[in-house]
Structures are given as C-alpha cells and as structure tokens.
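Worksheet for the structure shown next.
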Amino acid sequence: MERWEIGDSIKLYGIESWGAGYFSINKEGNLIVRPTGEASLTVDLREIVDTLASKKVSFPILLRFTQILETQVERLNECFRRAIAEYSYEGKYMGVFPVKVNQNRDVVEELQRAGRKYDLGIEVGSKAELLAALATKGNPRSLLICNGYKDNAFIDMALLASKMDRNIIIIAERISELKRIISYSKEIGLSPGVGLRARLYSKGSGRWESSSGEGSKFGLSASELLECVRLLSESNMLGSLRMVHFHIGSQITEIDRIQGAVKEAGRVYAKLKRIGGGLEYLNIGGGLGIDYDGSRTSFDSSANYSMQEYANDVVYTIGDVCKNEDIPSPIIVSESGRALSAYHSLLVADVRGKASFNYKSDNLEPPEGASHVVKEFYDIWKNMNAKNYREYYHDAIQQKEELFTLFSLGFLSLEDRALGEMLFQDICRKAESYARQFNHIADEFISLRKQLSSKYIVNFSVFQSLPDNWAIDHLFPILPIQRLGEKPTVYVTLVDLTCDSDGKIDRFIDIRDVKEMLELHHLDDRPYYLGFFLLGAYQDAMGDFHNLFGGVNEVIVVVDSSGDWHIKKIVPGDSLADVLRYVKYNRQDLENSFKTIVDKRISEGLAAPNDADLIKCEYVKMMDRLTYLES
Ligand code: PLP
C-alpha cells in the first residue's frame with residue numbers, strides 16, 4: 001500500500017483551512033471534533049458512530065455539538081472586545097441571534113444560555129419566531145429585535161410584550177408598520193423601542209449581492225426614513241427611535257463591501273441622531289461569512305477575511321464616522337447567525353454501495369461469429385499501452401459510433417452490442433490510467449475520469465440535509481470519518497436516495513478550485529461513513545421532504561473537562577407516519593382504508609385470507625419506521 005500519513009488527509013480535505021480549530025484526525029485515522037476549540041478535549045467521531053450503531057440509532061444521524069455554539073459566541077464577543085479596546089471605541093457591542101438561521105429549540109436555548117454573559121439577544125422575522133422567542137428565558141438586558149414584514153397581530157404582540165420588561169425593538173420595514181406601531185402604542189400607553197431599517201446604496205457581495213442595494217426588497221429609502229422621523233415627531237414619539245438597522249445579505253465574501261455599507265449606515269445613523277430622538281443602537285445585520293472551502297477568497301462559499309478582521313473593520317469604521325460627525329458612538333449590534341451556528345452540526349451518513357453503470361464479464365474475448373466492430377474493440381483493448389493509448393482511445397470512440405449505428409440498423413445482435421459496450425468501457429478505464437502516469441494530463445482524460453468515476457450511494461437526501469447544495473450550489477466540506485491514515489484511491493461523486501437526478505453531489509471544496517470528484521476509499525465489507533460538515537446554519541431550517549425523506553435522527557454530544565464525551569440527547573427522526581401527516585394523510589384513515597381494500601380483495605377471492613392478517617399488521621408496523629435505509 002502506498003505511503004500515506006494522517007497529515008496527507010488533513011491537507012487533502014483542507015481540514016485546517018475550513019475547520020476553525022474544531023476538527024482534526026487522531027492517530028487511529030478517525031476524524032475528531034474539539035467542541036471547545038481546545039486540543040485536549042476531543043471526540044472521536046468513529047467511536048460515537050459505533051456507539052450509536054450499537055444502540056440501534058439508525059443512519060443518517062445529525063450530530064450537534066452544542067459546545068461549539070458556546071465557543072462561537074465567545075469568539076465573536078471576544079473579537080469585538082479586542083477591536084473596541086484597540087480602537088478605543090466608546091460604545092459597546094451586543095449580538096443577537098437571528099432565529100431564521102436555525103430555529104431548532106436545542107440550538108436557540110443553548111445560544112441563549114451561552115450568550116447570557118454577553119447579553120446575546122434574539123432576532124425574529126415572523127409571528128411564529130416571535131412566539132418562540134417570547135417564551136425563552138431571555139436575559140432582560142439582551143435585545144429582542146422584530147424584523148421582517150409585519151401585520152397588526154405581529155406588531156401588537158411585540159408591543160404588548162414590551163410592557164413585560166423585555167428590551168424589544170420593533171424594526172419598521174415600511175411606513176405602514178410604523179403607523180400601526182404609533183397608533184397601538186398610544187392605545188396601550190406604551191413608549192416602545194422602534195428601529196428603522198435603512199435601504200443602503202451599498203451592496204453586499206457573493207450569492208446575495210443582487211438582493212441588496214437600491215433594488216433591495218427590504219428597507220426604507222432616505223425620503224421614507226425622513227417621513228418616519230416626521231411621523232414619530234408629530235406623535236411625540238421621537239424618543240422611541242432607538243435603532244438604525246441594515247442588512248446587505250448573508251455570507252458577504254468581501255470585507256470591503258462590509259466596510260462600505262457600515263460607513264454609509266454610520267452616516268445615516270449620525271444624520272438621524274442629529275435630528276434628535278433616543279438613538280443608541282446601530283444594527284449592522286448579518287453577513288459575517290464562513291470560509292466553507294478554506295480558500296480565504298471572495299468565492300461564494302468562502303470569505304476573504306477573518307472574524308477578527310470583520311470586528312476590527314466594523315468598530316474602526318463606525319468610530320471614525322462618529323468622530324467625524326461629532327456624535328456619541330452607538331452600541332454596535334450584529335445579527336450574526338451563520339457565524340454562530342454553522343460549525344456546530346454535521347451529518348454522518350453511511351455509504352450503501354456503488355451505483356454501477358455497466359456490468360463487466362470476466363471474459364471479454366469475442367466468440368467466433370462476433371461482428372467485426374466487436375473484434376476491433378478487442379484488438380484495441382488487448383494492444384493498448386502507455387505509448388499508443390491516446391491514438392487507440394480515439395479509435396475506440398469512432399468504433400463506438402459504428403457499434404450503435406449498426407445496432408440501430410439491425411445488423412448487430414444484442415450480445416455483440418453488450419460485449420462491445422463492455423470492451424469500450426474497459427478501454428476507457430485503461431486509457432485513463434495510462435494518462436494518469438504522466439505529469440501533464442490532457443483535458444479529455446480529465447473529463448474521462450469524471451465520466452468513469454464511481455457513484456457512491458449515500459443513505460441521505462440532499463434536499464433534506466444540504467438543501468443549499470442543491471438550491472444555490474453552496475459547497476460544504478465532505479470527507480470520510482475513518483480510514484484517514486489510508487490513501488483514498490477512488491474518485492467518486494455522491495448520489496442520494498431520492499428518485500431525482502438532482503439528488504447528487506458532484507462539486508466539492510478545494511483550496512484552489514472546485515473539485516468535480518471526491519477522493520474516497522475503496523468500499524469493502526466494513527461500514528463506510530461520510531461526514532458532511534458545517535451544516536448548522538440554514539440547512540435545518542430549509543431542508544424539505546422530497547420523496548418524503550424526513551428529518552433524520554439527531555444526537556447532541558458533549559465533552560466534559562476530563563475529555564470524556566457523552567450523548568446528552570437523542571431526538572428521533574421523522575417516522576413514515578410523520579412525513580405522511582405533513583402531506584395531510586392521517587395515519588388512522590390510511591390504515592382503515594388499507595384494511596378495507598385488503599378485506600375487499602379477500603371477499604372477492606383475489607387474495608388468500610391467511611395472508612390478510614400479516615399484510616395488515618405489517619402495514620401498521622411500517623408506519624413507525626424511519627424514512628431512510630435501515631440495516
Ligand atoms: N439579519 C437579517 C435581517 C437577515 O435577513 C439575515 C439573513 O439573511 C441575517 C440577519 C443573518 O445573516 P447571517 O446568517 O449572514 O449572519
């Protein structure tokens with residue numbers, strides 16, 4: 001076996017570039033997680049997987065490391081603390097977690113708990129998110145920010161809750177919302193916290209660039225901002241205006257776009273502050289990017305800056321504008337969702353074999369009466385070598401055309417066609433492996449490699465677990481969680497369980513490029529698990545039920561101070577009855593109508609009565625099964 005060290009796997013899969021110190025490989029060749037970021041407190045993923053398998057928790061499994069959430073909260077707050085100290089900024093920093101990024105209760109509650117000492121608040125964008133946020137035990141100093149388009153019920157509830165000593169800021173996205181905020185506040189005798197979302201000229205960068213700037217769906221233009229101020233002033237409520245907010249998109253890939261937007265928003269804040277009112281917060285929204293591919297570039301799945309650089313630029317720019325405008329420095333608020341949650345969860349899914357696209361017989365020699373095309377294929381196959389492989393490969397391509405033409409015209413038997421196809425396939429394989437022996441590989445052989453690459457069938461649904469990979473070509477790190485001390489020798493693409501040709505992954509992260517194939521190991525009779533990393537932001541919230549593959553089993557894992565890991569909680573995935581209920585099938589109705597159909601068949605003599613009980617019983621039992629492949 002070729003020499004291969006663990007360090008080679010770390011490099012090949014870019015673990016140190018995208019892992020933010022949370023992932024590595026141990027000497028057993030297994031992937032490890034460091035939930036607190038400390039090198040001494042590690043969790044061996046293969047050990048967890050074996051333990052869960054022995055407890056009959058079936059795959060795919062989403063592992064949540066809630067301590068990573070805590071570590072990210074600390075890292076973000078510490079970055080701002082350092083920046084504030086470095087630039088002698090006179091205000092402070094307060095984060096809020098935008099729940100749209102991950103509404104999972106375990107995630108939100110852990111962030112609330114971990115963020116208590118930093119006054120981490122919550123941002124909601126809908127009525128349902130508001131109800132969930134109001135019922136979580138928030139620190140009364142922390143902010144609860146209401147964003148998004150709102151109806152009267154949303155606004156009224158937020159205003160009523162403001163009476164309960166919560167630091168709630170309702171952001172007006174439209175003038176009509178502000179009018180309702182004013183009228184209902186008067187009705188209930190409240191001086192609410194109001195924010196205005198500014199529509200900036202500055203644009204973000206990356207995938208959501210086009211949703212920002214002048215044409216953005218959200219925010220108030222300069223004239224609308226002034227009209228809002230007039231309305232507040234006219235109602236004697238200018239003192240309620242406490243926040244200026246903007247958001248120029250998620251995953252901003254270029255730091256200078258952030259600088260530009262912060263500078264513009266700083267000016268908006270300063271001008272409004274001058275008009276009067278109780279302005280004290282400048283909310284810079286989300287956008288803090290995660291370097292999913294580890295390239296530290298402005299590529300869509302990366303970001304060309306670190307968390308510290310982000311904090312430095314924000315603090316410096318706002319401080320500078322405020323000095324220039326001669327106004328007090330605001331409390332800086334950020335709604336960093338992706339940055340807090342992306343690292344904490346990963347999916348482990350088992351590979352269930354290869355999707356074969358051709359059966360290969362052991363004997364490729366054409367029989368006596370075989371067609372001349374097949375015999376020519378055989379000659380090419382037998383005589384191909386490192387010197388002639390290119391020419392012979394081109395000959396084979398021509399022969400292939402002839403093979404199919406002759407078959408269509410009725411001059412070729414099915415047996416000859418099958419043998420010709422098998423020979424052609426093997427000629428391609430041989431040519432590709434000869435090409436690999438040379439330093440320079442021609443493009444045609446690189447494409448050939450992709451064509452010949454194995455497709456590993458993975459027990460998961462792209463649509464449920466990595467929806468952004470399907471919807472917006474977002475790349476996530478993917479790698480085996482075991483055998484990392486062994487050289488991966490096959491190039492593969494991945495296919496999921498759905499009956500959809502889009503249910504595949506054929507683009508993978510790479511420091512310099514995007515890889516079209518992933519290097520993995522040969523499958524043998526041992527289980528082979530893949531890890532899909534950095535899934536904690538947006539993927540839980542946006543996964544769908546294509547083909548009725550449902551939510552997966554979830555497991556929360558923690559590590560204690562002596563380095564022992566524990567399973568804190570197992571949350572079962574959706575059963576078949578659950579996913580059927582989502583599409584409005586009632587379990588009882590289904591069982592009853594299935595029984596009626598079976599009974600009718602029996603009464604008509606079309607099925608044996610002995611089979612009826614078994615069939616009915618199995619139907620009912622199957623309702624409780626999970627939606628993925630079981631062992
Ligand atoms: N704030 C608002 C208003 C948003 O719309 C979003 C998401 O797009 C966020 C915050 C979260 O952004 P991110 O996950 O990039 O931090």
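The values are calculated or read from the model by the stated rules, or taken from the named source; none is laboratory data. Remember, it's a predicted structure, so these values are computed and weren't measured experimentally. Positions of Cβ are backbone-derived with ideal geometry, glycine not excepted, and every protein chain shown enters the neighbour counts. Ligands, DNA and RNA are stripped out before the accessible areas are found, and what is left, the full protein with its side chains, is counted by its heavy atoms. Shrake-Rupley method; radii C 1.70, N 1.55, O 1.52, S 1.80 Å.
Quick notes on this structure:
- Equivalent ellipsoid of the range 52-182: semi-axes from √(5λ) of the C-alpha gyration tensor, largest first, are 29, 23, 12 Å.
- Extension gain for the segment residue 55 to residue 135, taken as residue separation times 0.36 nm less the Cα-Cα distance, is 25.4 nm to one decimal.
- At q = 0.27, 0.29 Å⁻¹, base-10 log of I(q)/I(0) for the range 577-622 (Debye sum, equal scatterers on each alpha carbon): -0.93, -1.01
- Antiparallel DSSP beta bridges within the chain, as percent of all bridges there, nearest 5: 45
- Directionally averaged projected area (convex hull, Cα atoms, the chain), nm²: 37.9
- Sites residue 190 and residue 82, calculated FRET efficiency, Cβ-Cβ separation with R0 35 Å, nearest 0.05: 0.40
- Solvent-accessible surface (1.4 angstrom probe) belonging to residue 42, in square angstrom, nearest 10: 40
- Paramagnetic label reach from residue 583 (point 7 Å along Cα→Cβ; backbone nitrogen cut-off under 12 Å): within the range 528-547, residues 545-547.
- A Cα-only calculation for the range 323-452 places Rg and Dmax at 27.0, 95 Å.
- Inter-part distance where the range 339-418 and the range 73-150 are each reduced to a Cα centre, Å: 57
- Secondary-structure-derived ellipticity at 222 nm for the chain, considering helices only, amounts to -12500 deg cm²/dmol, per-run term -39500 (n - 2.57) for DSSP H runs with n ≥ 4.
- Taking amide H as placed 1.01 Å from N in the peptide plane, the amide H of residue 551 sits under 5 Å from that of 574, each at least 5 places away or on another chain.
- Listed residue pairs exceeding 23 Å between alpha carbons, taken from 92/117; 400/504; 150/584: 400/504; 150/584
- Averaging Cα coordinates gives a centre for the range 254-326 and one for the range 551-582; these two points are 37 Å apart.
- Residue 371 contributes an accessible area of around 20 Å² to the protein surface, as traced by a 1.4 Å probe with all chains present.
- Relative contact order (%) - the range 372-449, alpha-carbon pairs under 8 angstrom, separation at least six: 38
- Across the cross-link table entries 11/430; 430/450; 100/163, which are compared at the Cα atoms, the separations over 18 Å belong to 11/430; 100/163.
- In the range 531-631, the trypsin sites (Lys or Arg not before Pro) that fall in loop regions by DSSP, at most 14 other Cβ within 10 Å: 584, 625
- Neighbour net charge for residue 237 - beta-carbon separation under 12 angstrom, K R +1, D E -1: +3
- Taking every C-alpha pair closer than 8 Å and separated by at least 6 residues, the mean separation divided by the residue count of the range 232-353 gives a relative contact order of 31 percent.
- The range 554-601: proportion of alpha-carbon pairs further apart than 11 angstrom, %: 75
- Residues in the range 499-520 that a label on residue 297 would reach, taking backbone N under 16 Å of a point 7 Å out along Cα→Cβ: 507-517
- Shape category assigned to the range 130-172 from the gyration tensor of Cα positions, a/c cut at 1.5: prolate
- Quick note on the range 372-449: its Rg to Rh ratio, both from C-alpha atoms and Rh being the Kirkwood radius, is 1.02.
- For the range 56-154, GluC sites (Glu not before Pro) are listed when DSSP marks them as loop and at most 16 other Cβ atoms sit within 10 Å of their Cβ; the list is 90.
- In this rough spin-label picture, where each label sits 7 Å from Cα along the Cβ direction, the residue 27-residue 611 distance is 6.0 nm.
- One chain, two ends: residue 595 and residue 92. Fully extended at 0.36 nm per residue, the span grows by 174.5 nm beyond their Cα-Cα distance.
- Neighbours of residue 153, meaning other residues whose beta-carbon lies under 13 angstrom from its beta-carbon, give a summed charge of 0 when Lys and Arg score +1 and Asp and Glu score -1.
- Cα-only Debye scattering, the range 67-341: base-10 log of I(q)/I(0) at q = 0.08, 0.12, 0.15 Å⁻¹: -0.29, -0.68, -1.12
- For the chain: relative contact order, % (alpha-carbon pairs under 8 angstrom, 6 or more apart): 17
- Alpha carbon centroid spacing (whole Å) that separates the range 419-443 from the range 223-247: 69
- For the range 457-525, applying the loop criterion from DSSP together with a ceiling of 16 other beta carbons within 10 Å to the trypsin sites (Lys or Arg not before Pro) yields 512.
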